[in-house]
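What follows is one structure encoded as structure tokens, with my remarks underneath.
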Amino acid sequence: MEKKSIKTKEIFVSEEEKILVWENVKASFEKNFGSEIYSSWLKNISLLKEYNDYLVLGVPTRFFRDWIVSRYLDKILSQIKIFKNSINRVEFKVTEENTINTTQTYVTDNFNKVTEIKDSILNYNRLNPNLNFDNFMTGTSNEIALSSSKKICEQISRYNPLYIYGGVGLGKTHLLNAIGIELEKKTNVMFISAERFMYHFIKSIKKNDMVNFKDFFRKSSVFIIDDIQFIRGKEGLQEEFFHTFNSLIDKSSQIIISADRAPMKLDRVQERIKSRLAGGLVVDIDTPDLDLKTKIIRKRLEDIQSQFKESSNISEEVIKFIAAESKTNIRELIGVLNRVITFSKIHKKILTISDCKNILKDVFNQAKIITVDKIQNTVANFFNIPLAEMLSQRRSRPLARPRQIAMYLAKKMTTRSLPEIGRRFANRDHTTVIHAVKTITKISEKDDEMKKNIEHLREQLLEE
Ligand code: ADP
Ligand code: MG
């Protein structure tokens, strides 16, 4: 359908017209997206660079970029194609924010500073010797992932690709690294995160050095790519990844991939890529059980002991406490343990449970997973209104205030972004959420009743 509309409009654009008149493109944005979306989001997009097949567009902030990319990218591209059909990709550069942003540095990069692709990739291709199979503890949550990883090391391309997925901090990078260390003994291994892959990809495009890039990545016998979910929504990168993937498979190179979700759950990724990713062996890593957590703690303590030749002063009781209380992931578990060890060293004492509770209060409270759903339910209950009413479009105060309070709490107590929160409130705009947060902050500064209610809700949510 989209193709058709492009065609009919192409009639009005001269074939020779190769250079974009950005104002015209923007006028068509306004016409096609409507003036509201246009003035809030698209008006501020500027044209920074024009290449034959892609554009670099400037946006004021990262938030802008993410918002535009997640919602309007396809349509923007199809609009641009009406004016210049050879464009098959757009990249965004944040123009005003002064933040470090590795994926976006390609436009301002100084060419002279760019080292040879090979050297710069090698710098990021280092395997961490500490993340090996020997210190990877196993339990029911990860034993399949571990045994599959080991099998790959015995017999390359038995399962191709091997796809390991699981939540953050559960050991994906550790496993990938361990595979890399093993296979590096026998053959040449490329280990890279999807983000760095993109960085080099963009750099090579800029340097007009795609030939080298392709060669470099396609010649490895083992290609390990971490956090593939990073390619979501990035068309150009997916295209390149797809070709790299295929040529590696063609020459029977082993591919190992990690991600935070199952292949088919990778939204905004081309179907053909998803099916390739799912085409080998897919294994997941789950959250660790008590037994595995305890094992990991003991192993760490042992390592410290043998490394520093001193006993760790951590009692059995405390080990059990930490293992039971740390519920999110292994990275957190290790962080918690380190904190306890440091504290015990500084104060030269064997800690009690109640010491630990004190030291770790903030971690364990934060670690409680509070969801937007839970907040909505708790707030609706508290004000005694039906949840559906609270989420509805009705604007009467008895509904609007609780709704705003729920948005406020969602912003303060979860890690969800403003647009995500907006979406969870019957698809409201993120500006509505911003407004709610501001309103509730302001009221609770002056109004004791509001302050008390918020406090009460907060406590209730933390306790549940
Ligand atoms: P992910 O890549 O899944 O986010 P990482 O591989 O970075 O997670 O793991 C987070 C931390 O937990 C690392 O320090 C890693 O060494 C450690 N870790 C994860 N799983 C295990 C395990 N089974 N045994 C020992 N340490 C582990
Ligand atoms: Mg990782």
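The values are calculated or read from the model by the stated rules, or taken from the named source; none is laboratory data. Only a predicted model underlies this, so the values are computations on that prediction, with no experimental measurement involved. Methodologically, a virtual Cβ is constructed for each residue, glycine included, from the backbone with ideal geometry; neighbour enumeration extends over all protein chains shown. In case anyone asks, the SASA skips ligands and DNA or RNA and just uses the protein heavy atoms, side chains included. Shrake-Rupley method; radii C 1.70, N 1.55, O 1.52, S 1.80 Å.
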Of segment 421-443, those with amide N under 20 Å from the point 7 Å along the Cα→Cβ vector of ASN377 are 421-427
The answer for the per residue Cα convex hull volume of the chain, in Å³, is 200 Å³
The aspartates and glutamates whose Cα lies under 19 Å from the Cα of LYS31, excluding any fewer than 8 residues away in the same chain, are GLU2, GLU10, GLU23, ASP74
In units of 2.2 N^0.38 Å, the Cα radius of gyration of segment 383-464 is 1.03
Using alpha carbon centers only, segment 367-432 is separated from segment 282-347 by a whole-angstrom value of 37 Å
Karplus ³J(HN,Hα) for segment 207-216 (6.51 cos²θ - 1.76 cosθ + 1.60, θ = phi - 60°; Hz, whole; x = Gly/Pro) runs 7, 6, 10, 5, 4, 4, 4, 4, 4, 4
Expressed as a percent, the accessible surface of the chain that is carbon or sulfur, using a 1.4 Å probe and the full set of protein chains, is 50 percent
Sorted by chain and then number, the residues having a modelled amide H within less than 5 Å of the amide H of LEU281, at least 5 places away or on another chain, are ASN160, LEU162, TYR163
About its Cα centre, the chain carries a charge dipole, from +1 on Lys and Arg Cβ atoms and -1 on Asp and Glu Cβ atoms, whose size in debye to the nearest 20 is 460 debye
Residue by residue through segment 182-188, the couplings from Karplus 6.51 cos²θ - 1.76 cosθ + 1.60 with θ = phi - 60°, in Hz, x for Gly and Pro, are 4, 6, 4, 5, 9, 8, 8
Here the FRET efficiency for LYS345 versus GLN460, based on Cβ atoms and R0 = 41 Å and rounded to 0.05, is 0.65
Between MET210 and ALA278, Cβ-based FRET efficiency (R0 41 Å, step 0.05) works out to 0.90
Counting only residues 5 or more apart in sequence or on a different chain, those whose built amide H sits under 5 Å from that of ARG89 are LEU55
Output ordering of 305-317, 220-232 (per-residue mean of other Cβ within 10 Å, highest first) is 220-232, 305-317
Loop-resident chymotrypsin sites (Phe, Trp or Tyr not before Pro) in segment 33-95 with no more than 13 other Cβ atoms inside 10 Å, DSSP not H/G/I/E/B, are TYR51
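Over all directions, what mean area does the Cα convex hull of segment 131-175 project, stated in square nanometres?
Mean orientational projected area (segment 131-175, Cα hull): 3.2 nm².
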Calc'd 3J(HN,Hα), segment 255-265, phi into Karplus 6.51 cos²θ - 1.76 cosθ + 1.60 (θ = phi - 60°), Hz, glycine/Pro = x, comes to 10, 10, 10, 10, 7, 8, 8, 5, x, 6, 8
Under a 1.4 Å probe, counting only protein heavy atoms, VAL168 has an accessible area in Å², nearest 10, of 100 Å²
Treating only Lys and Arg (+1) and Asp and Glu (-1) as charged, each at its beta carbon, one finds that segment 151-245 has a dipole about its Cα centre, in Debye to the nearest 20, of 120 debye
Note to self: with every protein chain in place and a 1.4 Å probe, the chain gives an accessible area per residue in Å² of 53 Å²
Per the Kirkwood formula over distinct C-alpha pairs, the hydrodynamic radius of segment 255-336 in angstrom is 15.6 Å
With a Förster distance of 51 angstrom and the Cβ-Cβ distance between SER78 and ILE434, calculated FRET efficiency to the nearest 0.05 equals 0.95
Once the in-chain neighbours fewer than 8 apart are removed, the lysines whose Cα is under 26 Å from LYS295 read LYS150, LYS151, LYS172, LYS309, LYS320, LYS327, LYS345, LYS348, LYS349, LYS357, LYS361, LYS368
